[in-house]
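The values are calculated or read from the model by the stated rules, or taken from the named source; none is laboratory data. Because the structure is predicted, anything quoted here is derived from the model rather than measured. Please note: Cβ atoms are built from the backbone with ideal geometry, for glycine as well, and neighbour counts cover all protein chains shown. Side chains are part of the model used for accessible areas, which takes the heavy atoms of the whole protein and leaves out ligands, DNA and RNA. Shrake-Rupley method; radii C 1.70, N 1.55, O 1.52, S 1.80 Å.
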Amino acid sequence: MLFFITLFKILPLFIIISLGYIFGKFFSDLDNKILNKVTIWIAGNVLAFTAINSNPPSFIEFNSYFWGYSVIFILAILIPYFLKKLNLIKAEKGVISFALMFSNGGYLGYPIVSALFGDEYIAKAVIYVIVMTLLSFSIGIVILTGNVKKGLINMLKLPMLWGFLIGWILGVLGLKWNDLPKLLYDPIRMIKDASIVIILINIGISLSRIKIKIFDLYDTILTTIFKLVIFPLIAVFIVKFLKLDPILAGIFVIEVGMPVGMNVSFITEELNINPALGNLLVFVSTLLSIITVPLLYLILNII
């Protein structure tokens, strides 16, 4: 019963994604770059800023998520290495590693955390996404490209990082965004309220732009199993070891179980490092997450 309750909680999110996908296919001649910029610089940033500013995380929470994700991050590096050594995967291990370490924890994770735990807990999801993004877009890019400078530059260029830091510092100082003058408060509130819909539509449109080529299917299936099943189950043991409170633990596990992030598709395309596999991993894992997220939430409520 809980599986179906959870499924119906998140199903509206996937319906909006589907509408974006249909719209993207119908208007395939239009460019999606401006909507990506709106999502990254405005919608996603405002959502993260307001969530963190309203509920500033403690250092203990940030520290717990940092060490918890560090385990996932290290496994994301080691597992493809050994799979390649054992000839169990054919693709570049860097692409598999980047797909395992970088999930759609923001664009899809925020709406799902909101649906399952409540809007007030989006701030906890933001902590996870910041930790994941800092490591993935620095060390992760180095692993993918072998270029240390590119990794560091990518980290400093992240708009989410600066939105997070400003929101956190102001929140700790007691300066809340909802205390701003009405002239500033109203537009921020309206953007925040619209941000999840903008993000979900952008996911759908971005998926519609992905060029699917059905090869490397074995690597895709194996990576997706690790991403959506094995890593979240490992995360269950991590939160038990860290003794996180149930809500913080649940959000961490759900975030680990998010599908492969859209940026894996964008970056493999940009760097021309097996973009076909990057695209297929994003597409397949996103579709399957409709089933795996409710199953994961069910497991969290059993243990």
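Against the test of being part of a helix (DSSP H, G or I), at pLDDT 90 or above, among the polar types (S, T, N, Q) and touching a helix residue (DSSP H, G or I) at 6+ places or on another chain (Cβ under 6 Å), the options SER70, SER114 yield a single qualifying residue, SER114.
Could you identify the single residue in PHE62, PHE66 that is open to solvent by less than 50 Å² (accessible area, probe 1.4 Å) and of a type outside the set (Val, Ile, Thr)? Lay out the reasoning, then the answer.
Values: PHE66 fails: open to solvent by less than 50 Å² (accessible area, probe 1.4 Å).
The match here is PHE62.
Taking the stretch 279-298 as the range and being more than 15 Å from the chain's Cα centre (by Cα) and at pLDDT below 90 as the test, the residues that pass are ASN279, LEU280. The set of residues in the stretch 89-116 that are of a type outside the set (A, V, I, L, M), within 17 Å of THR286 (Cα to Cα) and in contact with a Phe, Trp or Tyr (Cβ under 7 Å, 6 or more places away or on another chain) contains only GLY105. Screening SER58 against (1) closer than 25 Å to ALA249 by Cβ; (2) at pLDDT 90 or above leaves a single unmet condition, (2). Taken together, ILE251, ILE247, ILE201, ILE221 contain a single residue that is assigned to a helix (DSSP H, G or I) and in contact with a Gly (Cβ under 7 Å, 6 or more places away or on another chain), which is ILE201.
Of the residues making up the stretch 1-48, just one is under 19 Å from ARG209 (Cβ atoms), among the polar types (S, T, N, Q), assigned to a helix (DSSP H, G or I) and open to solvent by less than 30 Å² (accessible area, probe 1.4 Å), namely THR39. GLY109 meets the stated requirement of being under 25 Å from LEU277 (Cα atoms), open to solvent by less than 50 Å² (accessible area, probe 1.4 Å), modelled with pLDDT of 90 or more and of a type outside the set (Phe, Trp, Tyr). Scanning the stretch 203-228 for residues that are out of contact with any Phe, Trp or Tyr (no Cβ under 7 Å at 6 or more places or on another chain) and either of a type in the set (Ser, Thr, Tyr) or surrounded by 15 or more Cβ atoms within 10 Å (Cβ to Cβ) (or both) yields SER206, ARG209, ASP216, TYR218, ASP219, THR220, LEU222, THR223, THR224, PHE226, LYS227, LEU228. Could you tell me whether any residue of the stretch 246-258 is of a type in the set (D, E, K, R) and over 15 Å from the mean Cα position of the chain (by Cα)? No - not one qualifying residue is present in the stretch 246-258. Check the stretch 21-35 and report whether any residue there is modelled with pLDDT of 85 or more and farther than 27 Å from LEU288 by Cα. Yes; the residues of the stretch 21-35 include at least one that is modelled with pLDDT of 85 or more and farther than 27 Å from LEU288 by Cα. Considering the stretch 136-183, the qualifying helices (runs of 4 or more DSSP H), each wholly inside and each with 2 or more residues that are buried (at least 18 other Cβ atoms within 10 Å of the Cβ), touching a Ser or Thr at 6+ places or on another chain (Cβ under 9 Å) and at pLDDT 70 or above, run over 159-172. I'd like the residue in the stretch 243-273 that is touching an Asp or Glu at 6+ places or on another chain (Cβ under 9 Å) and at pLDDT 75 or above and, out of all such residues, is farthest from VAL126 (Cα to Cα). Only one residue fits best here, namely LEU244.
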